[in-house]
Amino acid sequence: MSSVNRESLRTEFSAIQQCLEQMKAEGKINAECQVLINSLIVLLKILIAIFMEKKTIKGSGNSSIPPSQTPKDETTPEKKKRQRRQGKEESEKESGHLRIEESVQIITVNDCPQCGDDLSHIPVHHYDRRTLVDIVFVKTVQHVDSEIKYCPTCESKAQATFPSSLAGPLQYGLGVKTFVLTLLHAQMVSLSRVQQMLWALIGQLISEATLLKFVSQLYLALEQWEQEAIETLLRQPTMHVDETSLR
């Protein structure tokens, strides 16, 4: 063998076992000798596995050591090492929740800066672009007025019915709820800080009870999906989970 590794040893052992089977079929070896030789092969496999395990560098991929405690492998090729992405590369993946308003402004060249010749009729060779990215927070307020009339016949009061989404005098839209849930659960921001951020952005002081109500509404909306997901996972032959919960 040119090199000894796990695969080469497995190939050699398989060849030896096939040779034993052939010798047994030809009557050159009895069953008792074959059992003895197979036992010796199994013992050799165990010894070699222990020996190779001592030579193998332990990491999160072949042991219970978490990635944070795995020593750096200097033998890994550079092309396989994880490189930290730069901000420009990360920005190429836009979030699916963004609403982008993009515009292009063209600055024309009418005169030559050197000789002053008229260039308004000259076709453009190419453009040089500079980009400004900014965020503008816009608070949208939508009023819904329900008509109130009095019947001239019976003098009773008649009022139009509000939509079911407007259950009270003041409601908050999906944008506010999504922003609150992202801060509370994805960013782990406290309730008091979420209140301060909303006050700074939209000028509304939302109570902690209302913020927790948003969380409860999300839970109820995902309750059926969660149950279906659990049932689907329990029907799977295997489930891949992190070992942290087992400690």
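Over every Cα atom in region 106-247, the radius of gyration and the widest Cα-Cα span, Dmax, amount to 28.4, 87 Å. Residue 214 sits among other residues whose Cβ lies under 13 Å from its own Cβ, and their net charge, with Lys and Arg +1 and Asp and Glu -1, is +1. In terms of its alpha-carbon gyration tensor, region 147-193 comes out prolate; a/c meets the 1.5 threshold, and the first ratio a/b outweighs b/c.
Rounded to the nearest 20 debye, what is the charge dipole size of region 93-247 about its Cα centre when +1 sits on each Lys and Arg Cβ and -1 on each Asp and Glu Cβ?
Values: 12 positive and 18 negative charges, 121 e Å.
Value, rounded to 20: 580 debye.
Prolate is the label for region 100-159. Its Cα gyration tensor axes, ordered a ≥ b ≥ c, give a/c of at least 1.5 and a/b above b/c. Summing Lys, Arg as +1 and Asp, Glu as -1, what charge do residues with Cβ under 12 Å from the Cβ of residue 41 carry, residue 41 excluded? Counting the neighbours of residue 41, the net charge comes to +1.
Here the 3J(HN,Hα) profile of region 176-185, calculated from phi with Karplus coefficients 6.51, -1.76 and 1.60 at θ = phi - 60°, is 5, 5, 5, 5, 5, 5, 5, 5, 6, 9 Hz, Gly and Pro shown as x.
Charge tally for residue 175 (other residues, Cβ to Cβ under 11 Å; Lys, Arg +1; Asp, Glu -1): +3.
Read the figures in this text as sums done on the coordinates, not as results from a lab. Worth saying up front: this structure is predicted, and the values here are computed from it rather than measured. Note: ideal-geometry Cβ built from the backbone for every residue, glycine included; neighbour counts use all protein chains shown.
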